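The values are calculated or read from the model by the stated rules, or taken from the named source; none is laboratory data. Since the structure is predicted, the reported quantities are computational estimates derived from the model, not experimental observations. Note that each Cβ is placed from the backbone with ideal geometry, even for glycine, and that neighbours are counted across all protein chains shown. What goes into the accessible areas is simple: the full protein's heavy atoms, side chains included, and nothing from ligands, DNA or RNA. Shrake-Rupley method; radii C 1.70, N 1.55, O 1.52, S 1.80 Å.
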Amino acid sequence: MYGFINTCLKFLVAEKYGEETWEKLRIQAGVQDTFLTFEVYKDEITMQLIDKACKMLDVPPDMVLKQFGEFFFEFCKRSGYDHMLRTLGGNLYEFIENLDALHSYLSLSYQEMNAPSFRVEKNEDGSMHLHYYSDRRGLCHIVPGIIGAAALDFFNTEISMEIVNQTEEEERTGKKEHIVFLVTQKPVFSYKKRNKFSSSPQYIADSGRQIEKQLNKEDIEKNLNKIRDRTSLVSICPAKKNHWETIRGIVTLGRGKLLRGFDPAYPTTLWIDTKTFCNGLPFHIVFDEELRVKQSGVSIQKIVPGLQTMGIRLDHYFSIVHPEVTFTISSVQKFINSQFVFRTRREMMPESWKQRPMLELRGQMIWMESLQCMLYLCSPLLRTLHELEERQMHIADIAPHDVTRDLILLNQQRLAEMELSNQLERKKEELRILSKHLEEEKKKTEALLYAMLPKHVANQLKEGKRVEAGEFKECTILFSDVVTFTNICAQCEPIQIVLMLNSMYLRFDRLTTVHDVYKVETIGDAYMVVGGVPVPVSTHAERVANFALGIIIAAKEVKNPVSGNPIQIRVGIHTGPVLAGVVGEKMPRYCLFGDTVNIASRMESHGIPSKIHLSPTTYYCLKDKSFEMTERGEIEVKGKGKMYTYFLIRNRTATENEIMGNPIKESDSDHESVQSFQESRIKMIQSSCQQAMQLNSDQYQPPTIAMKYIDGLTETQASYKGRSQERIMDLTGKTHDFESYGCLHGDQQPGSDPYLPNQERIKSAPEEPQNRNVRSNFCNLV
């Protein structure tokens, strides 16, 4: 079938049941999403779509096919075949009778079309028997849908169609399916919209005209009565009427339609001689019941010289291509209303023709009862000028009155337009596929960009806008690092360090999603997150605290490559104001500036392994919440003097599964099984370096369940005051200009270079000099 049929089926499912249903149906049937109109596809694709649609929609096949038939009629009208269909006949009988002629015309363009065939018979009671022939089995229920929709739309008639016979057609060489429908008609005198096909303005206008004709029957009767009255008065008032007065007297007033039936006039003798007839109709054949040729046109004699011998059998020189019937007079009479296509037999053609394509003739059969002979009026079946040249024929060989001359020229242009349309359709499909791939790549790029920068910042940069720095009056910052990381690095291969950090960071990254905190940076073993930035929230301290509890648990799942024991991390948290902005153009980063960053880093560096070290401000933010904390006491903080700090112990109300973002189980024992599963996965990953480098969190992590927080309005929400001369105050009470943002770090002395590594930071942790140096660079950077 051509792609036009499959496209129609796609539109039916999409419009009636939705695009999602079509997508599911397409996937189940294993077919592509789009079909080219002039491309030929296997019948199995259409059959598979119909079969899957019946199963998916739980609808019987006959209902699906009937619905498809109704929609196919409407789809043909939308596609530009409306006027062509309307002009097939003035009533339903004529419409069906000329369907084969329509298919024959369309075959000029759709050269590989294998259309069904129709034959209709009138019954005495006004009903009809419709004979349907098709090579495709199981599609007969489409016919009631198409014919019913056409009858209602074109002729304002409702019909019912019932299958009365279903057999194999023995007279058909292709053993086609033969279905006989009993068609009964019932006129509709109503403007009511019967279905979606009768809702168009054109239909309403046509229906109005049909109804108007019915309503004018009364006027016609009145006019007839007037005519009778006038004729009855002729004897009383004799008046001679001329010819035109008589004609006007029998014409419906204002309508121009004769009330009497038409009786043709025939001459007493045929005023045309044999020679003129054979020259005027150069393509015709007369044969008798035994298929013996009695007469033929001059042009067909020129192509098939054997026809010059009268009395030869027609089936020796020609075979019937359409309709597919045996070459007998009874079969021809049975399908006399169909167009017949003859093809010359190669073995009977002259030597000059045997290397050319065989000539096909198309025309109608007329039975001459008085002579008991059949007249075949035909023309060469040629689609293009190329086919004309292949047979070494010329336009002059066709009679001037034969429209085949015009059809060849017009169809040549139409085929060129169809080829151009087909190319455009192919290019459109290629562009659609490329656009789809481009959209997928765009999503990947945006996902990568949003992983590096906040979404609103990334969108502003994409639009070429300048991202101004913004002040956040209160947020919570967390730092963490691995205990004895320098020693581990000294005793391991670099790839082992990469594997360990990757395994740890994947778990930490997942927890940022669970608690909706922003990951700022990782340098070496240092991990930094912030709550309340870039989107201000009132629960920033709770989010970061729960995140800290989560990473303590997650770190126990990561093994030390040297000892094989779980690694230990230090965590420090501080709450305070910061300034946030984008730094750089080559690799722009969203960075935090302010003394709050320094104090958070100090909380981590002065912390204890596997403990969460809190500053006083963070403690006051959490003390009225559901967290258990304990005092550490007063300690000396490098660059800040003495500070009273605390340790975070646990969340009294949240379970471990909630903190870790795991599905909530009835018992905590389930978490242990998940943990053991994750550990076994990590061992497998660490055994293969190549696999580990391609590791991603979706491969082994359980589903992520975000923890719920109830946020109120904050003072800093959506406030951005990025001005070059704006002044902000740090925790010590000193004010600093935004221009010298390096001095926002409280441990730097006036006049010192803010971009140089902080040497005091190195002195504060002599046991890990290399690691502290990296951390110092990081603190000065942010």
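Against the conditions (1) farther than 22 Å from Q392 by Cβ; (2) part of a helix (DSSP H, G or I); (3) in contact with a strand residue (DSSP E or B) (Cβ under 9 Å, 6 or more places away or on another chain), where does L307 fall short? Just the number, please.
Result: L307 fails condition (1) only.
Restricted to segment 330-347, and to residues that are open to solvent by 30 Å² or more (accessible area, probe 1.4 Å) and either over 18 Å from L381 (Cβ atoms) or β-branched (V, I, T) (or both), which residue is modelled with the lowest pLDDT? Break it down stepwise before answering.
Taking segment 330-347 as the starting set, the residues that turn out to be open to solvent by 30 Å² or more (accessible area, probe 1.4 Å) are 330, 333-334, 336-337, 339, 343, 345-347.
Checking the rest, the ones that are also either over 18 Å from L381 (Cβ atoms) or β-branched (V, I, T) (or both) come to 330, 333-334, 336-337, 347.
Numbers: S330: 90, Q333: 89, K334: 84, I336: 86, N337: 79, E347: 87.
If we take residues in segment 330-347 being open to solvent by 30 Å² or more (accessible area, probe 1.4 Å) and either over 18 Å from L381 (Cβ atoms) or β-branched (V, I, T) (or both), then N337 is modelled with the lowest pLDDT.
Restricting the first residue to segment 615-631 and requiring it to be more than 13 Å from V544 (Cα to Cα) and among the hydroxyl-bearing types (S, T, Y), which pairs with a second residue that is assigned to a strand (DSSP E or B) and open to solvent by 50 Å² or more (accessible area, probe 1.4 Å) meet a Cβ separation below 7 Å and a spacing of at least six or different chains?
Taking only residues 6 or more apart or on different chains, the pairs are T630/I649.
Scan (1) in contact (Cβ under 8 Å) with a residue 60 or more places away in the chain; (2) outside any helix (DSSP H, G or I); (3) open to solvent by 90 Å² or more (accessible area, probe 1.4 Å) for the single condition A399 breaks and write down its number.
It is condition (3) that A399 fails.
Within segment 468-485, is there a residue that is among the β-branched types (V, I, T), within 24 Å of T704 (Cα to Cα) and surrounded by 19 or more Cβ atoms within 10 Å (Cβ to Cβ)? Give the steps one after another, and end with the answer.
Quick first cut of segment 468-485, residues among the β-branched types (V, I, T) only: 476-477, 482-484.
Those left that are additionally within 24 Å of T704 (Cα to Cα): 476-477.
Filter again for surrounded by 19 or more Cβ atoms within 10 Å (Cβ to Cβ), leaving 476-477.
Yes - at least one qualifying residue is present in segment 468-485.
From the list Y527, Y590, exactly one residue is farther than 23 Å from L648 by Cβ, touching a residue at least 24 places away in the same chain (Cβ under 8 Å), open to solvent by less than 50 Å² (accessible area, probe 1.4 Å) and not in a helix (DSSP H, G or I). Which is it?
Numbers: Y527 fails: farther than 23 Å from L648 by Cβ.
Every option except Y590 fails the conditions.
Output the qualifying pairs, or none if there are none: Cβ atoms under 9 angstrom, residues six or more apart or on different chains, first residue in segment 458-481 and farther than 12 Å from P534 by Cα and assigned to a loop (DSSP other than H, G, I, E, B), second residue open to solvent by 50 Å² or more (accessible area, probe 1.4 Å) and aliphatic (A, V, I, L, M).
Taking only residues 6 or more apart or on different chains, the pairs are V467/L461.
Of these, Q496, Q460, Q491, which one is among the polar types (S, T, N, Q) and within 23 Å of V583 (Cβ to Cβ)?
Numbers: Q496 fails: within 23 Å of V583 (Cβ to Cβ); Q491 fails: within 23 Å of V583 (Cβ to Cβ).
Only one candidate passes the filter, namely Q460.
Say we look at segment 99-143 and pick out the residues that are assigned to a strand (DSSP E or B) and basic (K, R); which of these is modelled with the lowest pLDDT? Lay out the reasoning, then the answer.
Taking segment 99-143 first, the residues assigned to a strand (DSSP E or B) are 117-122, 128-134.
Then keep just the ones that are basic (K, R); that gives 119, 122.
Numbers: R119: 83, K122: 87.
Selected residue: R119.
Consider N565 carefully, then state whether it is of a type outside the set (D, E) and either modelled with pLDDT of 95 or more or open to solvent by less than 10 Å² (accessible area, probe 1.4 Å) (or both). Spell out how you get there, then give the answer.
On the way: of a type outside the set (D, E): yes; either modelled with pLDDT of 95 or more or open to solvent by less than 10 Å² (accessible area, probe 1.4 Å) (or both): no.
Against the criterion (of a type outside the set (D, E) and either modelled with pLDDT of 95 or more or open to solvent by less than 10 Å² (accessible area, probe 1.4 Å) (or both)), N565 does not qualify.
Take the residues in segment 616-634 that are in a strand (DSSP E or B) and open to solvent by less than 30 Å² (accessible area, probe 1.4 Å); name whichever of them is nearest to I552 (Cα to Cα). It would help to see each step written out before you state the result.
Taking segment 616-634 first, the residues in a strand (DSSP E or B) are 627-634.
Filter again for open to solvent by less than 30 Å² (accessible area, probe 1.4 Å), leaving 627, 633.
Numbers: F627: 15, G633: 22 Å.
Checked segment 616-634; the qualifying residue nearest to I552 (Cα to Cα) is F627.
Restricting to segment 50-87, name every residue that is among the aliphatic types (A, V, I, L, M) and buried (at least 17 other Cβ atoms within 10 Å of the Cβ).
Narrowing segment 50-87 to residues among the aliphatic types (A, V, I, L, M): 50, 53, 56-57, 59, 63-65, 84-85.
Correct list: I50, A53, V64, L65, L85.
Taking the options V517, V537, V558, V457, name whichever one is among the aliphatic types (A, V, I, L, M), within 39 Å of the chain's Cα centre (by Cα) and closer than 24 Å to N651 by Cα. Break it down into steps so the answer makes sense when it comes.
Details: V537 fails: within 39 Å of the chain's Cα centre (by Cα); V558 fails: within 39 Å of the chain's Cα centre (by Cα); V457 fails: closer than 24 Å to N651 by Cα.
The match here is V517.
Would you be able to say whether some residue in segment 17-36 is over 17 Å from the mean Cα position of the chain (by Cα) and touching a residue at least 60 places away in the same chain (Cβ under 8 Å)?
Just the residues of segment 17-36 that are over 17 Å from the mean Cα position of the chain (by Cα), to begin with: none.
Looking for residues that are over 17 Å from the mean Cα position of the chain (by Cα) and touching a residue at least 60 places away in the same chain (Cβ under 8 Å), one finds none in segment 17-36, hence no.
Pick from I163, I146, I96, I159: which is assigned to a helix (DSSP H, G or I), among the aliphatic types (A, V, I, L, M) and open to solvent by 30 Å² or more (accessible area, probe 1.4 Å)?
Numbers: I163 fails: assigned to a helix (DSSP H, G or I); I96 fails: open to solvent by 30 Å² or more (accessible area, probe 1.4 Å); I159 fails: assigned to a helix (DSSP H, G or I).
Sole residue among the options that is assigned to a helix (DSSP H, G or I), among the aliphatic types (A, V, I, L, M) and open to solvent by 30 Å² or more (accessible area, probe 1.4 Å): I146.
Looking at (1) open to solvent by 60 Å² or more (accessible area, probe 1.4 Å); (2) in contact (Cβ under 8 Å) with a residue 24 or more places away in the chain; (3) touching an Asp or Glu at 6+ places or on another chain (Cβ under 8 Å), which one does K519 not meet, given that it meets all the others?
(2)
Of the numbered conditions (1) modelled with pLDDT of 80 or more; (2) open to solvent by less than 20 Å² (accessible area, probe 1.4 Å); (3) closer than 21 Å to F340 by Cα, A151 satisfies every one except a single condition; which is it?
For A151, the failing item is (3).
Sort through L371, L382 and tell me the only one that's surrounded by fewer than 14 Cβ atoms within 10 Å (Cβ to Cβ) and assigned to a loop (DSSP other than H, G, I, E, B). It would help to see each step written out before you state the result.
On the way: L382 fails: surrounded by fewer than 14 Cβ atoms within 10 Å (Cβ to Cβ).
After ruling out the rest, the residue left standing is L371.
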